[in-house]
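Below is one structure, written out as structure tokens, with a few remarks after it.
What follows draws every value from the coordinates through simple rules; no lab data is involved. Because the structure is a prediction, the values reported are computed rather than measured. Every residue, glycine among them, receives a Cβ derived from its backbone with ideal geometry; neighbour counts consider all protein chains shown.
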Amino acid sequence: MLNKEELSEIIRKYVPEAVFPEGTQLLEVIVPSEQYLSLAEKLKSDPALAFDYLITQTAVDFTTKFTVVCHLDSVKFRHMLVLKSELTDRDNPAIDSLSGLYPTAEFFEREIFDLFGIRFNNHPNMKRLFLEDDYGYPLRKDFRDEINIIER
Amino acid sequence: MSEEIIKDVIVGEHEDYIINMGPQHPSTHGVLRLEVCLKGETVKYLVPHVGYIHRGIEKMCEANTYQQIIHLTDRMDYLSAHMNNEAVCMIVEDAMQVEVPERVKYIRTILDELNRIASHQLWWCAFGMDLGALTSFFYGLRDREHILDIFEESFGSRLLHSFVCPGGLMHDVHPNFQKRTKEFVKYFKTKLPEYDQLLTGNIIFQNRAIGIGHMSRETAIGFGVTGPSGRGSNFSCDVRKIAPYGAYDKVQFNEILEPGCDVFARYKVRMAEMWESLSIIEQLIDNIPEGDYTAKMKPIIKLPAGEYFRRVETARGELAVYVVSDGNKSPYRMKFRTPNFSNLFVMNEIASGYKIADLIAISGSLDLVIPDIDR
């Protein structure tokens, strides 16, 4: 099991421009969206890291940007990492898909697409998961549904 | 893809046949539709269609306070209601750095295990019924009633208790709680061997379970299949061992791992887990410390701005809660990583190549609760 400093040192070698926010509960790393997939590949294949278990993948709408958040775990070492990437293009947000690395990501990404409208490049089946095709993206902060959601 | 195949069927060039299982099929245990492509009786592939019971719990959380959110989490996995409640409580306690009293930790852990047994009992009886053994349904429900009575006496509700609140418990447990729980443990120890006699050793049951629905360890990790389903594939994923919470660091118990990877292995994990849960309850029930049933909490809970993450082990696997707070009394974003979501989507992988009758056994062995998938 590697501690936060050792993990961040290895990741910095792969992606020099990675940002590590201070004072977080788990180790977090923010990478540009172009390096998101390549870093995930390294995280999985590096035998010293072995992040083979994607616990969850989600997104957060910060109104000025979307953040895609992946919680990764290593079954062998039991260290955890939060991989983040920020998307500023609100009209057409897109990022690479992790479904080639983690099969479970296919469905987390479909859920994110359904609820946030973030597209995933090279995804095998980029369709909505829960809602109908003409519904808006409900977890976006500017989503309004006057019939079903009562604003307080 | 499916449209093309339907056309083919009309033309009659292929023997593929699409059949919709659900959303009102009894063996899906809820509103889930499986679009199954068959060649003869063999499943070629299947596509799960979800969303029939999507209530937008994550969106609702953004408009509610943390005390209110606890009552929403009951409605996700209603058979592990207590663990879902506990996950939200613990994330609030973590963020506000509240130390809960020892008494609360013990009671919560006992309730976790009672809830786990109740859930596994219901799974056992429904699984037997899926495979045509109706007697198991009566046996399981008979014994589950004893746990629900304990719950009813202490919380006033049987299924969705919402008994825990940030900082502790809503109120203290009923004075009879210890006595009745001990009675139940004693009673259920005589009844569990009956389960084995009825189903486990039954040759008809074994023929339908052994060697069916093979899920390798790599598949389990890749698809994030946790809980008893993952441990039936030798994937060590018990959060109670990885990151102990409550009183789990004070008890001795084994993480049940089975290398069988098939339906029967997942069955055996759950049967063994009931014994482990009984042993955990026995170790704790006589040692519940005296003290307050809740820590002092402010009436209005506001989490400090930041991000929080917490994992608990429900009866079906790993529930992870991820909260982004901006310092207000409701979360900015709340994400539930529910175990059934990941457990469902492995079905195509493990059911392809088996007969359609085995599909019922496979979906039964994954122990799906549909509202937990849709949220």
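Rounded to the nearest 10 degrees, what's the angle between the helix B:81-96 long axis and the longest principal axis of chain B, both from Cα atoms, 0 to 90?
50 degrees
Return the average number of partner chain Cβ atoms within 10 angstrom of each residue Cβ along peptide B:216-226.
Details: counts 0, 1, 2, 1, 2, 8, 8, 7, 12, 1, 2.
Across B:216-226, the average partner-chain Cβ count within 10 Å equals 4.
By how many degrees, 0 to 90 and rounded to 10, does the Cα axis of helix B:177-195 deviate from the longest principal axis of chain B?
Once rounded, the angle reads 20 degrees.
Let me confirm one metric for peptide A:101-108, namely the mean number of other chain beta-carbon atoms within 10 Å of its residues' beta-carbons. Working shown, then result.
Values: counts 1, 4, 11, 9, 3, 2, 10, 5.
Mean shielding by partner chains, rounded to a whole number: 6.
Would you mind listing how long chain B runs along its three principal axes, going by Cα atoms, in whole Å with the largest first?
72, 50, 34
Determine, for each peptide in A:48-55, B:20-27, A:128-135, the mean count of other beta carbons within 10 angstrom over its residues, then list the peptides with the highest first. Provide the component values of the computation, followed by the final result.
Details: A:48-55: 20.5, B:20-27: 15.4, A:128-135: 13.8.
Descending packing order for the listed peptides: A:48-55, B:20-27, A:128-135.
Each label point is 7 Å from the Cα along the Cα-to-Cβ direction; what then is the distance between the points at B:SER157 and B:GLU290, in nm?
So the two model labels end up 3.2 nm from each other.
Jot down the radius of gyration and Dmax of the protein assembly as shown, Cα atoms only, both in angstrom.
23.0, 75
Can you give the extra length, in nm with one decimal, that the chain gains between B:ALA357 and B:ARG55 once fully stretched, where that is 0.36 nm per residue apart less the Cα-Cα distance? Let's see the in-between values first.
On the way: separation 302, 0.36 × 302 = 108.72 nm, distance 3.14 nm.
Taking B:ALA357 through B:ARG55 to full extension adds about 105.6 nm, to one decimal.
I'd like the projected area of chain A, averaged over all directions, using the convex hull of its alpha carbons. Report it in nm² with one decimal. Walk me through the numbers before you get to the answer.
Details: hull surface 40.6 nm².
The directionally averaged projection comes out at 10.1 nm².
With θ set to phi - 60° and the Karplus curve 6.51 cos²θ - 1.76 cosθ + 1.60, what are the ³J(HN,Hα) couplings of the stretch B:206-223 in order, to the nearest whole Hz, using x for Gly and Pro?
4, 5, 8, 10, 7, x, 9, x, 5, 10, 6, 4, 5, 4, 4, 5, x, 8
Of the listed peptides B:114-120, B:287-293, B:164-170, B:352-358, what is their order by residue-averaged count of other C-beta atoms within 10 Å, with the highest listed first?
Values: B:114-120: 25.6, B:287-293: 13.0, B:164-170: 21.9, B:352-358: 15.6.
For the peptides B:114-120, B:287-293, B:164-170, B:352-358, the packing ranking is B:114-120, B:164-170, B:352-358, B:287-293.
Picking from B:VAL251, B:VAL239, B:VAL312, which is most flexible by a Gaussian network model of chain B using Cα springs under 10 Å?
Fluctuation is largest for B:VAL251.
Whose amide H sits under 5 Å from the amide H of A:SER33, counting only residues 5 or more places off or on another chain, with H placed in the peptide plane?
Result for A:SER33 returns A:GLU86.
For chain A, find the longest principal axis of its Cα atoms and tell me its angle to the long axis of helix A:4-14, 0 to 90°, nearest 10.
80 degrees
Report the residues of the stretch B:322-340 in range of a label on B:THR65: point 7 Å along Cα→C-beta, backbone N strictly under 12 Å from it.
Only B:329-330 fall inside the zone, counting backbone N under 12 Å.
When the Debye formula is applied to the Cα atoms of the stretch A:4-92, each taken as the same point scatterer, what base-10 log of I(q)/I(0) results at q = 0.18, 0.21, 0.23 Å⁻¹?
-0.77, -1.03, -1.23
Take peptide B:234-244, look around each residue's Cβ out to 10 angstrom, count Cβ atoms belonging to other protein chains, and average those counts. Write down the numbers at each step before the final one.
Values: counts 0, 2, 3, 3, 0, 0, 0, 1, 4, 2, 0.
Other-chain Cβ atoms within 10 Å of each residue's Cβ, averaged: 1.
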